[in-house]
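Student: Below: one structure in structure tokens.
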Amino acid sequence: MAEQRRMGYRWNLRTLMAQRGLWKSTELLPLLRSRGINLSESQVYRLVTGTPERFSGRTIAALCDILDCEIGELLEVVVEVRAAKTANAPRRPEDLGVQPGNPIARRVRIVPDHEDG
């Protein structure tokens, strides 16, 4: 049976900050700036409180340096493996019971119950 692998990740920035005694996103701001990463307060807040979809390699490198951690600690890859939903699905129309001249859908015409003449 075919399997489907859904990739994701856990963003552990907030946990790592807490382990290092950094409790506020504003504490991270000057540490990032000293490494050449110029983000606004709101950008740093979103980085800490959310799970970013996109980020630069330089930002990741700076965060790893600040937190004295490896990339895998900051960004933990999560793989969900499950059976593919379409693994046993019919692949050809005839497997669905469709025959030439015997369509599944039929065209219909809707007419009102009472026609005003």
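Student: Considering each of R46, R58, R35 in turn, give the residue that is closer than 30 Å to R6 by Cα, surrounded by 13 or more Cβ atoms within 10 Å (Cβ to Cβ) and among the basic types (K, R).
Tutor: When all the criteria are applied, what remains is R46.
Student: Still on this model: Taking the stretch 1-45, which residues are more than 17 Å from C69 (Cβ to Cβ), basic (K, R) and in contact with a strand residue (DSSP E or B) (Cβ under 7 Å, 6 or more places away or on another chain)?
Tutor: R5, R6
Student: Moving on to the next point. Scan the stretch 67-84 and give yes if some residue there is at pLDDT below 80, surrounded by 10 or more Cβ atoms within 10 Å (Cβ to Cβ) and not in a strand (DSSP E or B), otherwise no.
Tutor: Yes; the residues of the stretch 67-84 include at least one that is at pLDDT below 80, surrounded by 10 or more Cβ atoms within 10 Å (Cβ to Cβ) and not in a strand (DSSP E or B).
Student: Quick one: which residue in R6, R14, R46 is of a type in the set (K, R) and either touching a Lys or Arg at 6+ places or on another chain (Cβ under 7 Å) or not in a helix (DSSP H, G or I) (or both)?
Tutor: R6 is the lone residue from the list that is of a type in the set (K, R) and either touching a Lys or Arg at 6+ places or on another chain (Cβ under 7 Å) or not in a helix (DSSP H, G or I) (or both).
The values are calculated or read from the model by the stated rules, or taken from the named source; none is laboratory data. Given the structure is predicted, the values throughout are model-derived calculations rather than measurements. Positions of Cβ are generated from backbone atoms using ideal geometry, with glycine treated the same way; all protein chains shown enter the neighbour counts.
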